[in-house]
Each structure stands twice: as structure tokens, then as C-alpha cells.
Amino acid sequence: MVGSENNQLASKTPFVSNNAFGSVSDMLTRIFAAAFSEMGIASELGKVVISERRDLSNYQCNGALAAARELKQNPRQIAEKIIDLVRKSQEREIFSTLSIDGPGFINIKLSDKFLIRTLRSLQQNKIIAPLPANELKHTMVDFGGANIAKPMHVGHLRTTLLGDCLQRLCRFLGLKVTSDTHLGDWGTQMGMLIAEMRHKFPELPYFKSDFNGPYPTESPVTIEDLEALYPQASKRCQSDKESMAQALYETTQLQNGVPYARALWQHFVNVSIKALKEDFAALGVYFDLWKGESDIHDRIPAILERLKKEGHAVTSNGALVIPLQDPTGKEEIPPLLLVKSDGAYLYGTTDVATLEERLEDLHVEQLWHVVDKRQSLHFKQFFLAARQIGMAGPNIQLEHIAFGTVNGPDRKPFKTRTGGVMKLKELIHQATDEARKRLAEMRAAADYDAAEREEIAKAVGIAALKYGDLMHDHNTDYVFDLEKFSRFEGRTGPYVLYAAVRIKAILRKAKEQSLAVGPITTITGIERELMLELLRLPDILYSTYHKRMPNYLCDYAYDLAYNFNRFYLECHILSEKDEDLRSSWLGLCDLCLFELETVLSLLGIDVPERM
RNA sequence: GCGCCCAUAGCUCAGCUGGAUAGAGCGCUUGGCUUCGAACCAAGAGGUCGUGAGUUCGAAUCUUACUGGGCGUACCA
């Protein structure tokens, strides 16, 4: 029979393989898909999802309803047959009940045996199955959006946290990842800075035409100087044509590699990178590469030549552009500009050259740009151009991971009280302050020494900040409310952290009392909910990856913490007299901590030992 | 003008392929600590899912028109 073959097929792809724990809903889907196809119905309809009616089931399959429309049959009868087939399969011991409710929903309850067996294997190995081999693409995450001479501010928060979460998640799921900030270290802004330096400090050796010796190894400016210099330079050039001409002149000197300009520029870059690394480090964010626009500058002429020769790039209104055709033919897409009429390169030019480098030298297969959604037209143009000129083939994934603005209570982009741009450093300080305040209010950690208290405040502050940001769907704007994010009640980082710390406290006490942390063996009541929650981890990780939606991780972390708190309240673990039950519960605590810490670490949040 | 996105409880937000009674947190009302950290938990009130029409057995979800808001629209990034 076809059917038994299908069932065997399903059982040959266990969701626990090589000790690695996979998706339960995928595993159930395989079983149901086999049953659907055995009935001659499209197997896609066998999709099993986590139940929306927790009171009725753990998982559900709605495929019979859709099948009923195609087959023009009664959905309940179809569901009946599906259930019969599943009951006959080798997998029947997974289920405690399979029932049909409403118009034809198949409600699935898992057996205790299955639940215990599965969690025990996870408990032993603590390995989550990586993505299937064909999905393990070399992924580049381009995020952070750092620039020379410009401080990191609140506008960099989302790209940094989102990008970092994505790179952590990809690595966790077995992908090869290369992250790159792609510094804005080239172009007119750099010329403007040099011109400003010449204007203010003409006595520096860089500006002496008769200077022969090597230029100083010490930077003439600090990061603070640079940050102050940049707005002045920018303002001067905007208001004064003469200054702009000077800036363009310096830009040319730099691009032609004239020593004084290069030397000065190198100082700017060094000083800036040092400061940027500190900013990122304060958030626990690290990059594999610190490439910049300057790195690909030399590639540009050859690319432009080729594009002109191949007819991809044409002159239009004095500029060199790639005309774009919308594949759907519906809308008109403005061309991608490569060279301005004054000869300067643009955003799109460096993007194309950088893409070439990433594809040819680094062999990246998947490229994610984590950038403000206001730039979506640019990325649409850039990606389309990359396809049109044949640079990115069909196997290359290009994606703009767009995010909305961080708003203040007035729903306008977040500002300081005085109306200025909030620096990232300042934001982290405020988060730490808020956490410190909360901890003091609750008289928490009062008996710890000052250094530990400070460390805890930092950890809690970062958790509040990161969770508060990442919990929101990145496609939309959100209201930044530090006071709210820092609460220990509700859907916040500190709440989740608290649950994890509670577990650590129990495990510590258990160890002190030499109580065994054993395999999970029993289900008595409320902990079943927690166990079902624990079963979802792989599903959550995979869907977070596939949708590129870290907010799923945040939701899940909260659900875990909440379910643990319920279990904790109801079951008094350490005082439990039944040794087996106690060690089973301790095992459950340990597993829950493992999952919480896993999810939090993907969000970039560390759990302190106590708080 | 054209294009993209958004509109869900008093507030901030979820809502996975079109599915059952639209969820959560905060706030509000009420209840639970001689026991592992009450920084917790439980219960309740609160909704014409922006408006109208359409597709469907079934729409917050898909189509369409409209209203209100955000953003972008060739030489900035």
C-alpha cells in the first residue's frame, strides 16, 4: 500500500536526530501530510500548527476544511478518515487524543509519554537541530550603519540590535555568517572634514606644502573634536559655495591618494573606529568585518567601464545611470544613479561595488541589509539593478530588512529633552540609571556589594533596552518608553530576567543541599503547560529565522518565563518529599533555564547569577 | 501626482496558511504570602478590528473604493 510507505517515510525523518532536537509541528505535519496524500489530497493541507485553543488541544490541523472545498465533501468526514489513518500509523503513541471539533478542526493532544520522552532527550543533549543543509547559506548581515566622525545615536539602535540578533540566530542555526558594519568612510563628507581642518588648523604639518618628513603617528583630533567638527563643516559647506569647493578639492586629493589627505583621513578613521567599537561593545555587539566604502573604491572604475560597455549603464541628464525595468511592468522605477553629473559617486555606486566584492571575494549567498525602511526604494533599485546587470544570479538572496523609527511619547522621532539627538551612550546610561532606580525601589540586591549591584543594574538596563526594542515588529514604528521597558512587571526584559534568575537560585540551593537534578519523569499538573511551551523552542527559532522577526523570540521568552512562574508558584520544588518528583522538577527547572538562556542570548541579553 | 507602509481594548502592542469564543502587557476592580525571592500568581470589567462594498461555508487577515496618518519619490546616505 502507498499508505504504509508514506508512514514509513514519515517515521524515517525523526525530529530528534543525531541527538538534536527539531520542530514538533514539522514532525506532526509530516505524519498528517502522509495521511492526506494517502487519501489523494494535496499533502500541503496536512500542515499542523500550535493550537489556538489551548483548552481543546496542543496542536491542530485545519487541512480537512480546505480539502472539503476542493473535494466537495463533508469536512468532518474527511477529518474522520485522516484521523483513522494517523491512528493506524506507527506514530500513534505520540497522541493521547485526536478529535474533530467544530466544522472539521482536527485537535491533537500529545501523550504524556511522548512529552516526557522528548523533553528528556532534549535535557540530555541540549542541542537544537540546525536548519536543513540546503538552507545553510553563507549569510552576510550588514548592519550598524556606523559613520566616521558621527556618534552613534538612537537612530542606530534598531539596526544594531536587530542585526546582532539576526547574526546570532543564524549562527545558532548552523549558517555561516559574516557581519559587516560597512562604514561610511569615504566621499564628500571626508573632504569636508579635511577642509575644515585646514581652515581651523592651517599650521598642522598636513597643510604645509614644504613638509617632507613622515606625518605624525598621533591623531591631531580626538573623537570629541571630530564629532564637533563634522556638523560645523557640514554647515559651512551648505551655506558657502567657496567652502564646498574646498571640500570637493580635498575629496579629490583624498581619492587620488595624496599623502597628506590620506594621512589625515587615516587618523579620522582610526579614532572613529575606536569610539564606535566602544559603543558597540557597550551593547555586546561585535562584527566580523569593519569594511568601509573606501575598501571598494578602487573597484569602481572597472565596474563602471564594464557596465557602460555592456550597455547596462547609460548617460542621462549628465549622470551615469542604470535604467530599471520593473519585472511586473506595472510601475516606473527611477534609475539607479552611479555617477553624478559632477563626476562624484553615490550610495548606489558603492553598493554595487561592495556587492561585487561580497559575491566574488567572500562568496556570500545571502545578503541582508538591516536599514531604515525609508530607504526601501533605494534597495528596490539596487537589488533590481544587481539582477539586471547580472551581478546577482537567481541563487543569491538579497534582502532589505527594514525597520521603522523609534518615537518619543509624541509619536515623533525620539529626541532628548532639549530636542537634540540622543546619543547611544546616553541611552545606555539612562537605561542603567532606570534599572538602578527600580532595584533600589524594590530594595533588591541591597546586601550585595556595590560593584555587583552596579553590574546587575547594567545587565538589567541592557535587558530592558534590548527587549523593549526587539519585542516590536521591526516593520513598524514604536514608542520608546524606557520607564515602561524597565519595569519588572509585564512583558519586559527584567521580568524575563527575573524568572531566569529565580531558576538559578533554586538550582543553586538544590546543589547546596545536594539534591539531584534528574531526568524528567512525571507530569502531575500545571507543569504540563510549561513542558508544552518548552517543546516549542525549535519552532520558534525556525520561524524567527524564516520571517526575520526577532519579536517572536521576545514573545516566546515571556511565555516561557510566565509558564515557569505559574509552575513555580504551584509546585514547591525544594520541599517536595518525593525524591523522584523533586529531581524531575529540578530537571524541568534546569531545562527551562537552558531554553530561557538560549533565547535571551540570541537577543543579546545575559543573565546575571542573581539580582 | 505616483509608489510603499500603517489604522485592533483607555494606553502600548500581538494576531503565524482565510478558521473555533480577536489575544497580551500596562492601567482599573477583586482575591492569594508562617514554605524555594509576592520582583510572583489568580479572577473580572473593557472591542461594530478606521468606513462602505465584494469574494467565501467562514474575513482583523484576501479584493476594491473611501477617510485619516507616516514615509519615499534622479545627482544626500
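For this structure, a couple of remarks:
- Complete set of residues in segment A:331-369 that are among the aliphatic types (A, V, I, L, M), in contact with a strand residue (DSSP E or B) (Cβ under 9 Å, 6 or more places away or on another chain) and within 12 Å of RNA strand B (Cβ to nearest atom): A:Leu336, A:Leu337, A:Leu338, A:Val339, A:Leu346
- Members of segment A:42-74 found to be open to solvent by 60 Å² or more (accessible area, probe 1.4 Å), under 13 Å from A:Ile100 (Cα atoms) and either more than 6 Å from RNA strand B (Cβ to nearest atom) or of a type in the set (Val, Ile, Thr) (or both), listed by number: A:Asn74
- Checklist (1) closer than 30 Å to A:Ala149 by Cα; (2) surrounded by fewer than 21 Cβ atoms within 10 Å (Cβ to Cβ); (3) within 11 Å of RNA strand B (Cβ to nearest atom) applied to A:Gly468, failing item: (2)
- Here A:Leu515 meets the list (1) touching a residue at least 12 places away in the same chain (Cβ under 8 Å); (2) assigned to a helix (DSSP H, G or I) almost entirely, failing just condition (2).
- Test for A:Asp298: is it touching a residue at least 60 places away in the same chain (Cβ under 8 Å) and under 25 Å from A:Thr139 (Cα atoms): no
- Identity of the residue in segment A:75-102, touching a Ser or Thr at 6+ places or on another chain (Cβ under 7 Å) and modelled with pLDDT of 90 or more, that ends up least open to solvent (accessible area, probe 1.4 Å): A:Ile94
- Pairing each residue of segment A:361-380 that is closer than 16 Å to A:Pro394 by Cα with any residue that is more than 9 Å from RNA strand B (Cβ to nearest atom) and part of a helix (DSSP H, G or I), provided the two are 6+ apart or on different chains, yields C-beta distances under 8 Å for A:Val364/A:Arg358; A:Leu367/A:Leu355; A:Leu367/A:Arg358; A:Trp368/A:Gly163; A:Trp368/A:Leu166.
- Residue, least open to solvent (accessible area, probe 1.4 Å), within segment A:537-559, restricted to residues that are within 11 Å of RNA strand B (Cβ to nearest atom) and over 25 Å from A:Gly404 (Cα atoms): A:Asp539
- Across segment A:503-517, a minimum of one residue is classified as modelled with pLDDT under 95, open to solvent by 60 Å² or more (accessible area, probe 1.4 Å), among the β-branched types (Val, Ile, Thr) and touching a helix residue (DSSP H, G or I) at 6+ places or on another chain (Cβ under 9 Å).
- Flag for A:Thr476 being polar (S, T, N, Q), within 8 Å of RNA strand B (Cβ to nearest atom), touching a Gly at 6+ places or on another chain (Cβ under 8 Å) and within 27 Å of A:Leu588 (Cβ to Cβ): no
- Residues that are of a type in the set (Gly, Ala, Ser), at pLDDT 90 or above and more than 10 Å from RNA strand B (Cβ to nearest atom), drawn from segment A:10-33: A:Gly22, A:Ser23, A:Ala33
- Residue in segment A:205-219 that is closer than 30 Å to A:Thr416 by Cβ and not in a strand (DSSP E or B) present: yes
- For A:Met140: the one exception among (1) more than 30 Å from A:Asn395 (Cα to Cα); (2) at pLDDT 95 or above: (1)
- Contact map, segment A:214-238: first residue among the hydrophobic types (A, V, I, L, M, F, W, C), second residue not in a helix (DSSP H, G or I), Cβ cut-off under 6 Å, separation 6 or more or different chains; pairs are A:Leu226/A:Ala149.
- The residue that is nearest to RNA strand B (Cβ to nearest atom), counting only those in segment A:103-120 that are of a type in the set (S, T, N, Q) and surrounded by 16 or more Cβ atoms within 10 Å (Cβ to Cβ), is A:Asn107.
The values are calculated or read from the model by the stated rules, or taken from the named source; none is laboratory data. What you see is a predicted model; the values in this text were computed from it and never measured. Cβ: placed from backbone, ideal geometry, glycine included. Neighbour counts: every protein chain shown. Surface accessibility is based on the protein's heavy atoms, side chains included, excluding ligands, DNA and RNA. Shrake-Rupley method; radii C 1.70, N 1.55, O 1.52, S 1.80 Å.
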